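Down below is the structure, laid out as structure tokens.
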Amino acid sequence: SDIRTIRELYKSSVLKSPETLRYKPNSDFLNRVSLFQGDITELQVDSIVNAANKSLLGGGGVDGAIHHAAGRGLLKECRTLNGCETGFSKITGAYNLPSKRIIHTVGPVYSNHSVDLKAKQLASCYQTSLDLTVQNSLRHVAFPSISTGIYGYPIEDATHIALDVVRKHFESETDSTFSVIFVVWSNKDKSVYEALIPEYFPPS
Ligand code: AR6
């Protein structure tokens, strides 16, 4: 699959220097953040994140694709987890998927709650997923765009949150081999990531 690091995306001019610089350039980070457009279930990485619901028993969107591809063993394990609260994450095996583990996170439904609470819950999805990768010694994590499909979170706002939490994690985490792959499905979402990544991971 065509996973491209942001260093490669700068080289091929897909990414451009930002107008707003939110963080300093860090050459190392350019190798450790990638963008991939396509099906997250195809990725052969240590962990992929599922945008689940509180039941953790499957659904539509990326959740449906992951359960379909992983097989019934995943549903069986998920039944033992007693669900998950909004903004939190739980880890399972990956069964028939090529990745090693699946991190199930529950994003906020955009029509519920205040804008502040939703933003905190979405940030917490990314943060608790990253925490699980550290606790389980996973070297990579692939994130879909959590909450921006069926749950209706505006893609620009959600992408700022995703990029900010990951950048802060890179600042604080000492494991220099850890990498993150942002997975987008639509062309629109890809162009939002391409526009915003340089603000959080500027070229060096
Ligand atoms: N690979 C990567 N991304 C995908 C895939 C895929 N195979 N399929 C969809 N996307 P959504 P949510 C993108 O709706 O908004 C489920 O019913 C999609 O285009 O999957 O968090 C759950 O059970 C969008 O950009 O998740 C919950 O009830 C992103 O994944 C609810 O949906 C997330 O869209 C969660 O809604």
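At 222 nm, what value in deg cm²/dmol follows for the chain if DSSP H runs of at least 4 each add -39500 (n - 2.57) and the sum is divided by all its residues, to the nearest 500?
Working: 7 runs with 81 residues, N = 204.
Theoretical 222 nm ellipticity from helices: -12000 deg cm²/dmol.
Given charges of +1 on the Cβ of Lys and Arg and -1 on the Cβ of Asp and Glu, with all other atoms neutral, how large is the dipole of the stretch 76-138 about its Cα centre, in debye to the nearest 20? Show your work: numbers first, answer last.
Values: 7 positive and 4 negative charges, 42 e Å.
Magnitude of the dipole: close to 200 debye.
Which aspartates and glutamates have a Cα lying under 17 Å from the Cα of LYS188, excluding residues fewer than 8 positions away in the same chain?
Correct list for LYS188: ASP39, GLU156, ASP157.
Towards the positive end of the charge dipole of the stretch 44-122, with charges on Cβ (+1 Lys, Arg; -1 Asp, Glu), say which of SER99, GLY61, GLY87 has the farthest Cα.
Looking along the dipole axis, the top candidate is SER99.
How large is the direction-averaged shadow of the alpha-carbon convex hull of the stretch 60-204, in nm²?
Values: hull surface 36.7 nm².
For the stretch 60-204, averaging the hull's shadow over all directions gives 9.2 nm².
As a test, work out the antiparallel percent of DSSP beta bridges whose residues both lie in the chain, rounded to the nearest 5. Kindly include the intermediate steps, with their values, before the conclusion.
Values: 7 of 24 bridges.
Restricted to the chain, the bridges split so that about 30 percent are antiparallel.
LYS16 versus ASP175, label points 7 Å from Cα toward the beta carbon: distance in nm?
3.6 nm
Which whole-number percentage describes the relative contact order of the chain, with Cα contacts under 8 Å and a sequence gap of 6 or more?
30 percent
No solvent, one uniform scatterer per C-alpha: report log10 I(q)/I(0) for the stretch 88-135 via the Debye equation at q = 0.17, 0.18, 0.24 1/Å, two decimals.
The computed values of log10 I(q)/I(0) come out as -0.55, -0.60, -0.82.
Gap in Å between the Cα centre of the stretch 145-169 and the Cα centre of the stretch 86-124?
Measuring centre to centre over Cα atoms gives 11 Å.
Treating only the Cβ of Lys, Arg, Asp and Glu as charged (+1, +1, -1, -1), what charge dipole size does the chain show about its Cα centre? Round to the nearest 20 debye. Intermediate values should be presented prior to the final figure.
On the way: 21 positive and 21 negative charges, 59 e Å.
Roughly 280 debye for the chain.
Hey, what's the Cα Rg ratio for the stretch 157-201 versus the globular rule of thumb, 2.2 N^0.38 Å? Write out the running numbers ahead of the final one.
On the way: Rg = 11.3 Å, N = 45, 2.2 N^0.38 = 9.3 Å.
Dividing the Cα radius of gyration by 2.2 N^0.38 Å gives 1.21.
Kirkwood Rh and Cα-based Rg: tell me the resulting Rg over Rh for the stretch 1-124, rounded to two decimals. Working shown, then result.
On the way: Rg = 17.1 Å, Rh = 16.5 Å.
With Rg and the Kirkwood Rh in hand, the quotient comes to 1.04.
We did not get these values from a lab; they are worked out from the coordinates using the rules stated. For clarity, every value in this text was computed on a predicted model and none was experimentally measured. When we count neighbours, we look across all protein chains shown, and the Cβ atoms used for this are built from the backbone with ideal geometry, even at glycine.
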